[in-house]
1. Any residue in region 56-68 that is modelled with pLDDT under 95, closer than 16 Å to residue 127 by Cα and either among the polar types (S, T, N, Q) or assigned to a strand (DSSP E or B) (or both)?
2. For region 98-113, what are the residues that are surrounded by fewer than 16 Cβ atoms within 10 Å (Cβ to Cβ) and either within 16 Å of the chain's Cα centre (by Cα) or not polar (S, T, N, Q) (or both)?
3. Test each condition in (1) touching a Gly at 6+ places or on another chain (Cβ under 7 Å); (2) under 20 Å from residue 126 (Cβ atoms); (3) assigned to a strand (DSSP E or B) for residue 72 and report the one that comes out false.
4. I'd like the residue in region 115-131 that is part of a loop (DSSP other than H, G, I, E, B) and either hydrophobic (A, V, I, L, M, F, W, C) or over 16 Å from the mean Cα position of the chain (by Cα) (or both) and, out of all such residues, is modelled with the highest pLDDT.
Amino acid sequence: MKSLIVFFSLLLSSLFVSAQESEETKGITITVVVENIKNNNGNVLFGLHTSETFMQGPGIQNASGKIEDGKVKITFTNVPEGTYAIMVLHDENENNRMDFDASGMPKESYGMSNNDMSFGPPEFGNAKFEVKDKDLELNIRI
């Protein structure tokens with residue numbers, strides 16, 4: 001009888017832990033659409049960033065999408081609640097980085113969440129958005 005009680009106790013606790021883990025790992029889905037790409041050359045690179053990773057390198061999630069008829073759509077999954085920004089680059093020559101001309105200006109099109117078109121380098125404060133309790137779909141222009 002004692003072993004039966006231990007067995008059921010373990011079974012119930014494992015179900016409780018399993019339910020907690022699935023709740024913790026379940027996050028929000030962010031779908032990103034870019035529709036104004038000037039040509040179908042190369043790929044479009046996407047980075048989901050926090051304030052710590054913005055303009056510092058790879059995002060906390062990264063994706064690449066193939067361009068079809070001037071548009072691309074990707075999805076970030078299991079994104080926890082928080083504040084984020086998305087950066088997008090049309091990598092025409094597929095070298096996985098932004099190319100610059102001799103004066104330091106970007107040679108490839110880029111954009112970010114909120115479609116901020118300020119002059120100068122992008123800023124997290126202009127691109128940030130909140131992830132809360134429902135899935136999001138964002139349209140970004142480049």
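1. Taking every residue of region 56-68 in turn, at least one turns out to be modelled with pLDDT under 95, closer than 16 Å to residue 127 by Cα and either among the polar types (S, T, N, Q) or assigned to a strand (DSSP E or B) (or both).
2. Residues satisfying the conditions are 98, 99, 100, 101, 102, 104, 105, 106, 107.
3. (2)
4. Filtering region 115-131 for residues that are part of a loop (DSSP other than H, G, I, E, B) and either hydrophobic (A, V, I, L, M, F, W, C) or over 16 Å from the mean Cα position of the chain (by Cα) (or both), the one modelled with the highest pLDDT comes out as 123.
The values are calculated or read from the model by the stated rules, or taken from the named source; none is laboratory data. All of these numbers come straight from a predicted model, not from anything done at the bench. Neighbour counts run over all protein chains shown; Cβ positions are idealised from the backbone, glycine included.
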